[in-house]
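A short reminder: the numbers here are calculations on the coordinates, not readings from a lab. Given the structure is predicted, the values throughout are model-derived calculations rather than measurements. FYI the Cβ positions are ideal-geometry reconstructions off the backbone, even for glycines, and counts take in every protein chain you see.
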Amino acid sequence: MTTTTSTVSATSAAPKKSGGRPTLSLPVILLIVAGALALVSLVRLISGADDITSVGQVAGALELAIPIGLAGLGGLWAERAGVVNIGLEGMMVLGTWFGAWAGYQWGPWTGVLFGIIGGALGGLLHAVVTVSFGVNHIVSGVAINILAVGATRYLSKFTFDAAEGGSSKQSPRVDPITEITVPGLSDWMQDLQARHWFLVSDLAGLVGGLVTGLSLLTVVALLLIPGTWWLLWRTAFGLRLRSCGENPVAAESLGVNVYKYKYIAVVVSGGLAGLGGAFLAIVSTGIYQEGQTGGRGYIGLAAMIFGNWMPGGMALGAGLFGFTDSLKLRGGAENVHAMLLLLAILLVLVVGWQLYKKKYLPAAISAAVSALLFVWYGLTDQVPSQFVDAAPYVTTLLVLALSAQRLRMPKADGLPYRKGQGK
C-alpha cells in the first residue's frame, strides 16, 4: 500500500508530456476569450448586428450551452477512464423524462435528482455491458440511445398521457427553479451594453448575461466544470481514474481496482448527461417533449473532443455551439450573416498561422475559403433560412476540422480490458 501511494504521488508530481495540444490553462482560456470578444466586437461594429453580444444573447447562449457542456463533461469522465460513451444522447433522453416525471409531481429539485438517477442508470447499463462483458463501446452506446428513446416513449403513454396537461409526447408543466439577478449590476450592464461602445459594451453584455435571470441550476452546472478539473487532476482518486484510461495494466499492477474506477466513471458520466437532460426539461422548456435533446449528447461529445479531453477546453466548445445556436434564435439571418464576416476574418488569421508554420497548401485552401466568405458577405444582406438553421452545426464541424490534428485521447480509450490480462 505504501509503494502504491508513493508511486501515485510521484506520478502526480511528475510533469506530463503529451504528444498532442498543450493543456489549456486558465490564463490561456481567459486570453482566448478576450481575443474572441475583441474580434466579435469589431464584427459587430462593422456589420451593425448589435444583438450578437447583448445581455439576452449571452444569457441565451449560456442556457443553450449548459446541457451540451454537461453531456461533454459526462463524456470526459467516461473516456478519461478508458470507456467511450456514445450513449450520452440516450442518457440525456432518460434525464429529460425522469426529470419531468418527478418534477411536475414533487417539485423541480426532485426532478433534477431523478434526472441524474435516470442518466446514471443508463451509465450503469453501459458500464455492465462494456466493462464486465467486454462488448464494443460504440455498439453498446448506440443500443442505449435506441433503448432510451423507445423506453421513454412507452413510459409516456401511461404516465403523461393520463396526467392533466400532459400527452403521450409531452409532460405536464414543471414549476421553475429560482432565478437570481444581481440588483444594480444587472441594470448597469444592460445600460452599458445599449450604448454599443467598442469592447466595453460587449464586455458589459457578457457580464450582464451572467448576472441576469440566472437559474440556480445553471450556477451548479458551471461549478461542476472546475470541480471536475480539481477532482480528476488534483486528487489521488482522479489520478487512479485517469490511469485506467491511459494504461489499465500498469494501474492494476499498482493495486488499482480498474473495474471499480471504470464503473464509477461511467455511472458519473451518465448522471452528468442525465443532469443535462433534466436541465432541458426543467429550466430550458419547463416540460418534457419527445425528441427535445436534439442530438445534444453527440454535440457534447464533439465539444469534449475539441477541448482535448480537458474540462476548460470542453467548456469553450460547448460555449461556441451555444453562442451560434443562440444567434440563430435571436436575430436569425442578420446575426448569422454577421458571422460570415467573423469566419472570414478568423480564416485570415488561420492563413497567417499556417504560413508561419510553412503549411502552404492548407494556407491556400483557407485563403480561398476566406475570400469566398468575404464575397458572400459583401454581396448579400441576409443568408438563406436553411443556412441559419445549420449554422451551429457547420460552425462546430469547422472548429473540429481545424483543431483535430493536435488532439490526443487517453491511450487506452475504447480498448478492451480484462482483469489480470497483464500477468
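Residues considered: MET304, MET189, MET91. Largest GNM mean-square fluctuation over the chain, using C-alpha springs under 10 Å, is found at MET189. Placing +1 on the Cβ of every Lys and Arg and -1 on the Cβ of every Asp and Glu, with nothing else charged, gives segment 93-192 a dipole about its Cα centre of roughly 540 debye. Converting phi to 3J(HN,Hα) with the Karplus coefficients 6.51, -1.76 and 1.60 and the offset θ = phi - 60°, segment 84-91 yields 6, 10, 6, x, 4, 4, x, 5 Hz in sequence order, with x at every glycine or proline. Every helix of 4 or more DSSP H residues in the chain counts as -39500 (n - 2.57), and over all residues that averages to -23000 deg cm²/dmol at 222 nm.
So what are the chain's ellipsoid semi-axes, whole angstrom, largest first, if each one is the square root of 5 times an eigenvalue of the alpha-carbon gyration tensor? Intermediate values should be presented prior to the final figure.
On the way: eigenvalues 250, 175, 81 Å².
So the three semi-axes of the chain are 35, 30, 20 Å.
Under 5 Å from the amide H of SER215 lie the amide H atoms of ILE180, each residue being 5 or more positions distant or on a separate chain, with H modelled from the backbone and absent for Pro and chain starts.
By the rule of a C-alpha distance below 12 Å, with chain neighbours fewer than 8 residues away ignored, the aspartates and glutamates paired with LYS169 are ASP161, GLU290.
So how do 251-260, 281-290, 191-200, 124-133 stack up, highest first, on mean other-Cβ count within 10 Å?
On the way: 251-260: 17.5, 281-290: 22.2, 191-200: 15.1, 124-133: 19.8.
Highest to lowest by the protection proxy: 281-290, 124-133, 251-260, 191-200.
Pairs with C-alpha atoms separated by more than 30 Å, drawn from the list LYS328/LYS358; LYS357/LYS411; LYS328/LYS359; LYS157/LYS260, are LYS328/LYS358; LYS328/LYS359; LYS157/LYS260.
Using Cβ point charges alone (K and R +1, D and E -1), the dipole size of the chain about the Cα centre works out to roughly 1960 debye. Packing here is the average count of other Cβ atoms within 10 Å per residue, and on that basis the peptides 104-117, 54-67, highest first, run 54-67, 104-117.
Of the residues VAL182, GLY271, GLY208, the one whose Cα sits farthest toward the positive end of the charge dipole of the chain, with +1 on the Cβ of Lys and Arg and -1 on the Cβ of Asp and Glu, is GLY271. Ordering GLY48, ALA100, LEU73 by Cα displacement along the dipole of segment 43-167 toward the positive end leaves LEU73 in first place; charges were set at the Cβ atoms of Lys, Arg (+1) and Asp, Glu (-1).
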